[in-house]
Amino acid sequence: MSQWDAVIVGAGPAGLSAALNLARARRRVLVLDSNRPRNSATFHAHGFLSRDGISPLELRRLGREELEAYPEASYERSVVSSIEPGFTVAHTGGVASARAVIIATGLRELPPALPSLRQFYGTSAHSCMECDGYEYADRPIALVGESDDLAERALLLSQWSRDLVVFTNGADVVDAASEARLAERGARVERRPVRDVAGDRSGITGVVLADGEVVPRAGVFIRPDYEAVLDFADPLGLARDAHGLIVTDPDGRASASGVYAMGDVTPPGPQQLIVAAGMGARVAAALNRDLLG
Ligand SMILES: Cc1cc2nc3c(=O)[nH]c(=O)nc-3n(C[C@H](O)[C@H](O)[C@H](O)COP(=O)(O)OP(=O)(O)OC[C@H]3O[C@@H](n4cnc5c(N)ncnc54)[C@H](O)[C@@H]3O)c2cc1C
């Protein structure tokens, strides 16, 4: 069993950034990653300073390449199955022992049940407006969702295009005042149930209603649900919030001593690549100090 200063679970921007900063603090760090990033559906990631438009897989590859130049760091493609207090980390490549662990495993998305959505997700169907809204400036777009924050999200989306139809899929989630406010911004609320999205090789062409009518649209934004898959961390008994996210202090310290968490797996949940990377650097600095006692 190998002994590390820190084992990091997850090599997205959060995990890689923490690893880089820990290696540069001369900490021995092992990064274990199952290589299943949530954003692999998309070809272009936006908003990361100096890397706007890069493929998310290329961003990760560059991060790994930088990390592996440090002899203090090691990366393994491996799935972590359990972390016992102390810490003993069991993974598909073996067992590792560490003074501290960092959990940066991101989230799993649960998209709405539209049969054809998956084939367009990441190219003309999106969940993050800040990431992909710009590409739809002034174009006909849709927001599909049933959550209580749908009107608020629609208002935000109207910043990118006022040619916006908000599909509630039959749910009573947009009140009259919100509908009036959206109308002032040019957005229309469609309350009939949605059956699917329509499209061709160029991408999404419309939203299909249950009655067969197709509302032409060039892109669709959805409001997926999310879940944090953290069975492997159960032995640590970490405090989680109402959404199952790991509760931490501002420097990423979780409720058990020596355990840290950051990125999308911590409140408020899904954010952006550069936010996750920034948090990784912050957690690395805190962990480095904590290891000195
Ligand atoms: C379709 C899509 C497009 C997006 N576009 C953008 C964009 O343009 N710009 C932007 O800033 N943000 C974008 N985002 C958001 C961005 O991808 C996330 O905010 C960011 O990746 C979160 O980083 P993270 O390090 O917390 O988690 P992730 O990047 O999700 O990385 C988590 C890693 O942990 C690994 N893992 C999970 N469980 C285990 C386990 N048990 N053992 C080992 N490894 C494990 C996973 O395989 C994964 O590699 C997009 C998201 C999606 C879904």
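The values are calculated or read from the model by the stated rules, or taken from the named source; none is laboratory data. Here the structure is a predicted model, which is why all the values come from computation and not from measurement. Backbone-built Cβ (ideal geometry, glycine too); neighbour counts: all protein chains shown.
Being out of contact with any Cys (no Cβ under 9 Å at 6 or more places or on another chain), surrounded by fewer than 14 Cβ atoms within 10 Å (Cβ to Cβ) and not aliphatic (A, V, I, L, M): is that true of PRO224 here? So PRO224 fails the test.
Give all pairs with beta carbons closer than 6 Å in which a residue from region 267-292 that is on the phi > 0 side of the Ramachandran plot meets a residue that is in a helix (DSSP H, G or I) and away from the ligand (no atom under 12 Å from the Cβ); count only pairs at least 6 apart in sequence or on separate chains. Listed by first residue and then by second, the contacts come to nothing, as the list is empty. Checked against the criterion of being surrounded by 19 or more Cβ atoms within 10 Å (Cβ to Cβ), in contact with a strand residue (DSSP E or B) (Cβ under 8 Å, 6 or more places away or on another chain) and at pLDDT 95 or above, the candidates GLY15, GLY63 yield just one match: GLY15.
Screening ASP211 against (1) closer than 24 Å to ALA90 by Cβ; (2) in a loop (DSSP other than H, G, I, E, B) leaves a single unmet condition, (1). Whenever a residue of region 183-205 is without any contact (Cβ under 8 Å) to a residue 60 or more places away in the chain, its partners that are not in a strand (DSSP E or B) and not charged (D, E, K, R), lying with C-beta atoms within less than 6 angstrom and at least six residues away or across chains, give the pairs ARG185/SER158; ALA187/ALA154; ALA187/SER158; VAL189/VAL174; ARG191/THR168; PRO193/ASN169; PRO193/GLY170; PRO193/ALA210.
Per-residue answers, yes or no, for (1) more than 10 Å from the ligand (Cβ to nearest atom); (2) closer than 23 Å to PRO267 by Cα:
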{"site": "SER78", "(1), (2)": "no, no"}
{"site": "SER82", "(1), (2)": "no, yes"}
{"site": "ALA90", "(1), (2)": "yes, no"}
{"site": "GLY94", "(1), (2)": "yes, no"}
{"site": "SER97", "(1), (2)": "yes, no"}
{"site": "LEU114", "(1), (2)": "yes, no"}
{"site": "GLY122", "(1), (2)": "no, no"}
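I need the full set of residues from region 220-237 which are closer than 15 Å to GLY263 by Cβ and either more than 17 Å from the chain's Cα centre (by Cα) or part of a helix (DSSP H, G or I) (or both), in order please. The one that is closer than 15 Å to GLY263 by Cβ and either more than 17 Å from the chain's Cα centre (by Cα) or part of a helix (DSSP H, G or I) (or both): ALA233. Does GLY86 fit the bill of being assigned by TED's automatic domain parsing to the domain that holds ALA286 and within 23 Å of the chain's Cα centre (by Cα)? Considered against the rule, which asks whether it is assigned by TED's automatic domain parsing to the domain that holds ALA286 and within 23 Å of the chain's Cα centre (by Cα), GLY86 comes out as no. For region 33-54, taking the residues that are out of contact with any helix residue (DSSP H, G or I) (no Cβ under 9 Å at 6 or more places or on another chain) and near the ligand (Cβ under 10 Å from one of its atoms), the one that is farthest from LEU291 (Cα to Cα) is identified as GLY53.
I'm trying to understand the selection: among the residues of region 113-139, which are surrounded by fewer than 17 Cβ atoms within 10 Å (Cβ to Cβ) and over 15 Å from the mean Cα position of the chain (by Cα)? Once the filter is applied, which keeps residues that are surrounded by fewer than 17 Cβ atoms within 10 Å (Cβ to Cβ) and over 15 Å from the mean Cα position of the chain (by Cα), region 113-139 yields ALA113, PRO115, SER116, ARG118, GLN119, TYR134, GLU135, ALA137, ASP138, ARG139. ASP264 meets each of the listed conditions (1) in contact (Cβ under 8 Å) with a residue 40 or more places away in the chain; (2) in a helix (DSSP H, G or I); (3) surrounded by fewer than 18 Cβ atoms within 10 Å (Cβ to Cβ) apart from (3). In the set (1) in the same structural domain as ASP234 (by TED's automatic domain parsing); (2) part of a helix (DSSP H, G or I), the condition left unmet by ALA98 is number (2). Only residues that are within 16 Å of the ligand (Cβ to nearest atom) and in contact with a Ser or Thr (Cβ under 9 Å, 6 or more places away or on another chain) were counted in region 20-32, giving 4.
Among the residues of region 99-110, those identified as within 11 Å of the ligand (Cβ to nearest atom) and surrounded by 15 or more Cβ atoms within 10 Å (Cβ to Cβ) are ILE102, ILE103, ALA104, THR105, GLY106, LEU107, GLU109.
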